[in-house]
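Let me begin by presenting the structure, written as structure tokens, before commenting on it.
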Amino acid sequence: MPEQETIPAAEMERRLRDRPAPDLPDHFVLPDYGGLSIANIAPTIVRLFGLEPDGTSPPLPQYIWSDLTERVECVVLLLLDAVGYLQFKEHIADQTTLFSRLARRGRLFPLTSVFPSTTVSALSSIRTGRSPLGHGFLGTNLLLSRQGVLANMLKLAPAAHTVAGSLESWGWDPDGFITAPSLAEKLAAASIETVVHTRLHFVASTLTRILLKGVDDLRGYLHLSDLWINLHHTLTERAPGQPLFVDVYWSGIDDTAHVYGTDNEYVDSALLHFSRSLEQDFISTLAEDTRRSTVLIVTADHGQIATPSDQVVHLPEHPHLSDNLLLPPAGESRAAYLYVRPGRERDLRAYVAEHLEQQFALLETDRALEAGLWGHRDELTVRGRARLGDMILLAKHKARLSSRPRKNGGHTLRGHHGSLTPEEMLVPLLIARLDQL
């Protein structure tokens, strides 16, 4: 996309939706690592501070942010887990909300998430400015070939166990998993301080240590109430003239959507409650000199889609499908990486076509790599290729694949993400200066 071309948000959304996806359903949205994805946010922040990106993804198009960058001393990145662009547009239709006013005073555009559209992959891209192939977090459940284990990369434990952090007992080195430099490390090289605010119970986790490598100060919070107080202190305690980057992560809307599903009063209320609290308990408390030279960026790692229990495909109910697999499905429940038994590819294709074609698209992993789903193929490593399996089972609409038996009357999460639908792949980018509110 030409750097000098100014494109309205509606036209940008149309272009992102209309990009061709070979061998995939027409409504799927491909990640746009070339300039309009969450992987392009980190190099944009580097440019906001007047620095040059060094070998990461390119920055976002200049027309989105260049006229907001005069004398920037502080950038606040507000990461809302699982807030899709389509959902966000509905929220700001109410012209009285904070985000609606921020959109009028600043810029609001759609971006794509990464593939798979899931937390570990997306947050790693936001914090490094790399595609998933560039940082290695290629999904939630990955085959770690050196350890010979299918691992849950959120819990950093074998997928069949529940003891968080136990991968290290298998000889896995968390500090060597992501070798790409983090955004915090790049900013530190220019003497720009980085402070992160995240849930208190995340602060001591190994995953946090991996994702937030190089951060100067990591501050935990319990609720929105103390988050805003802590964030207020972070901004007001900054030494005059000291450049500062602040990363704020909020998972409450993701939690709500997982439990209650999407497109309902619960998720709408969660987003409205957050925006009211952001305005009343934080922005309205800032003095004029604190707002000066401060840019606020609001975005999300991915969206989410409703996955009703009657749309869940339970693998134990499809033994013929299981018989064609060497391992349990990896990746995501909505983007499953399949390791196929040698000589069974045709059998697996036939079974999916006959029994699961309405719910899933089946794609060879090599075709997905050619389409750039995880990033540029030049970034692919031998270990990375081993984590992707032979084929991918992609949810077309509201289905997901579960390796567990069906529960009679048991509770199941009603919202998920990971696939390529617009609800999951399109996320908002809202950027505004606090001194222009």
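The values are calculated or read from the model by the stated rules, or taken from the named source; none is laboratory data. Being a predicted model, the structure only gives us computed values, none of them experimental. Ideal geometry is used to build each Cβ from the backbone, glycine not excepted, and the neighbour counts take in all protein chains shown.
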Note to self: Looking at segment 232-251, I want the residues that are under 15 Å from Phe49 (Cα atoms) and have a partner that is of a type in the set (Phe, Trp, Tyr) with Cβ atoms under 9 Å, at least 6 apart or on another chain. Which pairs are those?
What the structure shows: Pro243/Phe49; Phe245/Phe49
Check: Can you tell me which residues in segment 42-70 are at pLDDT 90 or above and closer than 18 Å to Pro181 by Cα?
Finding: Ala42, Pro43, Thr44, Ile45, Val46, Arg47, Phe49, Leu51, Glu52, Ser57, Pro58, Pro59
Checklist line | Identity of the residue in segment 171-192, among the β-branched types (Val, Ile, Thr) and crowded, with 17+ Cβ neighbours inside 10 Å, that ends up modelled with the highest pLDDT | finding: Ile192
Check: In this structure, does Arg367 turn out to be of a type in the set (Lys, Arg), surrounded by 15 or more Cβ atoms within 10 Å (Cβ to Cβ) and on the phi < 0 side of the Ramachandran plot?
Finding: no
Next item on the list: Can you confirm whether segment 228-247 contains a residue that is part of a helix (DSSP H, G or I) and of a type in the set (Lys, Arg)?
Entry: no
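Taking segment 348-363 only, how many residues are among the charged types (D, E, K, R) and surrounded by 15 or more Cβ atoms within 10 Å (Cβ to Cβ)?
Within segment 348-363, the subset among the charged types (D, E, K, R) is 349, 354, 357.
Filter again for surrounded by 15 or more Cβ atoms within 10 Å (Cβ to Cβ), leaving 349.
Here the count works out to 1.
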Notebook entry, point to check: Does Thr290 satisfy the criteria of being closer than 22 Å to Arg127 by Cβ, over 19 Å from the mean Cα position of the chain (by Cα), of a type in the set (Val, Ile, Thr) and outside the structural domain of Glu357 (by TED's automatic domain parsing)?
Noted result: no
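Just to check your reading of the model, which residue among Thr96, Thr44 is β-branched (Val, Ile, Thr), assigned by TED's automatic domain parsing to the domain that holds Thr262 and part of a helix (DSSP H, G or I)? Even if it seems obvious, please write down each step before you answer.
Values: Thr96 fails: part of a helix (DSSP H, G or I).
Exactly one of Thr96, Thr44 is β-branched (Val, Ile, Thr), assigned by TED's automatic domain parsing to the domain that holds Thr262 and part of a helix (DSSP H, G or I), namely Thr44.
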Next item on the list: Tally the residues that are in contact (Cβ under 8 Å) with a residue 40 or more places away in the chain, closer than 23 Å to Thr44 by Cβ and of a type outside the set (S, T, N, Q), restricting the search to segment 166-209.
Entry: 13
Margin query: Among the listed residues Thr6, Thr56, identify the single one that is among the hydroxyl-bearing types (Ser, Thr, Tyr), surrounded by fewer than 14 Cβ atoms within 10 Å (Cβ to Cβ) and either assigned to a loop (DSSP other than H, G, I, E, B) or not assigned by TED's automatic domain parsing to the domain that holds Asn230 (or both).
Written below: Thr6
Next item on the list: All but one of (1) crowded, with 17+ Cβ neighbours inside 10 Å; (2) in a loop (DSSP other than H, G, I, E, B) hold for Val195, so report the exception by its number.
Entry: (2)
Notebook entry, point to check: Restricted to segment 136-158, and to residues that are over 21 Å from the mean Cα position of the chain (by Cα) and of a type outside the set (Val, Ile, Thr), which residue is surrounded by the fewest Cβ atoms within 10 Å (Cβ to Cβ)?
Noted result: Gly148
Next item on the list: Return yes or no: is Glu13 touching a strand residue (DSSP E or B) at 6+ places or on another chain (Cβ under 6 Å) and at pLDDT 95 or above?
Entry: yes
Margin query: With the requirement that a residue be touching a residue at least 60 places away in the same chain (Cβ under 8 Å) and either of a type in the set (A, V, I, L, M, F, W, C) or in a strand (DSSP E or B) (or both), what does segment 143-159 give you?
Written below: Leu143, Leu144, Leu150, Ala159
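Test of understanding: among Val298, Val259, Val267, which residue is loosely packed, with under 15 Cβ neighbours inside 10 Å and either under 25 Å from Ile126 (Cα atoms) or at pLDDT 95 or above (or both)?
On the way: Val298 fails: loosely packed, with under 15 Cβ neighbours inside 10 Å; Val267 fails: loosely packed, with under 15 Cβ neighbours inside 10 Å.
Of Val298, Val259, Val267, the one residue that is loosely packed, with under 15 Cβ neighbours inside 10 Å and either under 25 Å from Ile126 (Cα atoms) or at pLDDT 95 or above (or both) is Val259.
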